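The values are calculated or read from the model by the stated rules, or taken from the named source; none is laboratory data. Because the structure is a prediction, the values reported are computed rather than measured. All Cβ positions, even for glycine, are placed from backbone atoms using ideal geometry, and neighbour counts span all protein chains on display. Note: areas computed on protein heavy atoms with side chains; ligands, DNA, RNA excluded. Shrake-Rupley method; radii C 1.70, N 1.55, O 1.52, S 1.80 Å.
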Amino acid sequence: MPPVQIQIVIFAVIAAVVLFQLYNVLGKKVGRQPEEDARAKPAALPTASAADQPAGRPHVLDAVTLASIAGLKARDPAFDPVRFLEGARQAHETIVRAYAAGDRETLKPLLTPTVMASFEAGIAARETRGETEVAEFLHPARADLEQASAEENRATAKVRFLAELRNTITTADAAAEPQIEERRVAELWTFERTLGASDPNWVLARTEPAAA
């Protein structure tokens, strides 16, 4: 069999394994479901954003996404998309809470220097205003793997998060009531790590708005 055909067969096998693994995790209900919304009293959430769609919307992986994941597994056979998503979800919650709390020590090892500088600016601005903030997750965030790839010695993975948050902001004015905001957020987070490095951990390299 020609080398090109052998490569095609290998990628097809890897893609099948990835699809099976992802089906096991993405097929489960994560976060608040539409039927739960119907039974519960509606929350006072903003309605002008596309992020207000239910977090339980099914996510279907297309052929391009599966091929990109298979390509990363070809470079890094130890990459497990199911375990990665679980770790990404935990990192997402830790980073959101730490940023709100201004916890620089927790954030630093989880972010690239560029993202850390951006977060540091936001924390410093909040401190200058004399504000403190607490972030709470109303439901477990939903995490969908959108893309995974490897280029040279760098692996990247994009995850779309849908989360319902309650932010409580307290000002320096002791007489002022805390500001409480409940909202649904849809974001695309890009994680990266160096292939072959002794540290296997992923770090957050970019955040951007995403469609719900």
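Among the candidates Glu151, Glu187, which residue alone is of a type in the set (D, E, K, R) and out of contact with any Pro (no Cβ under 7 Å at 6 or more places or on another chain)? Every option except Glu151 fails the conditions. Of all residues in the range 91-106, those satisfying the criterion of being farther than 26 Å from Asp144 by Cα and either of a type in the set (Phe, Trp, Tyr) or without any contact (Cβ under 8 Å) to a residue 24 or more places away in the chain (or both) are Asp103, Arg104, Glu105.
In the range 197-212, the residues that are open to solvent by 50 Å² or more (accessible area, probe 1.4 Å) form Cβ pairs under 9 Å with partners that are part of a loop (DSSP other than H, G, I, E, B) and hydroxyl-bearing (Ser, Thr, Tyr), at six or more places apart or across chains, as follows: Arg206/Thr112.
Residue pairs whose Cβ atoms lie under 7 Å apart, separated by 6 or more positions or on different chains, with the first residue in the range 155-173 and farther than 10 Å from Leu188 by Cα and part of a strand (DSSP E or B) and the second among the β-branched types (Val, Ile, Thr) and open to solvent by less than 30 Å² (accessible area, probe 1.4 Å), are Thr156/Thr190; Ala163/Val185; Leu165/Val185. Kindly establish whether Ala176 is modelled with pLDDT under 90 and touching a Ser or Thr at 6+ places or on another chain (Cβ under 9 Å). Yes, satisfied. Do we have Glu146 as closer than 17 Å to Ala91 by Cα and either outside any strand (DSSP E or B) or touching a residue at least 40 places away in the same chain (Cβ under 8 Å) (or both) here? Criteria met by Glu146.
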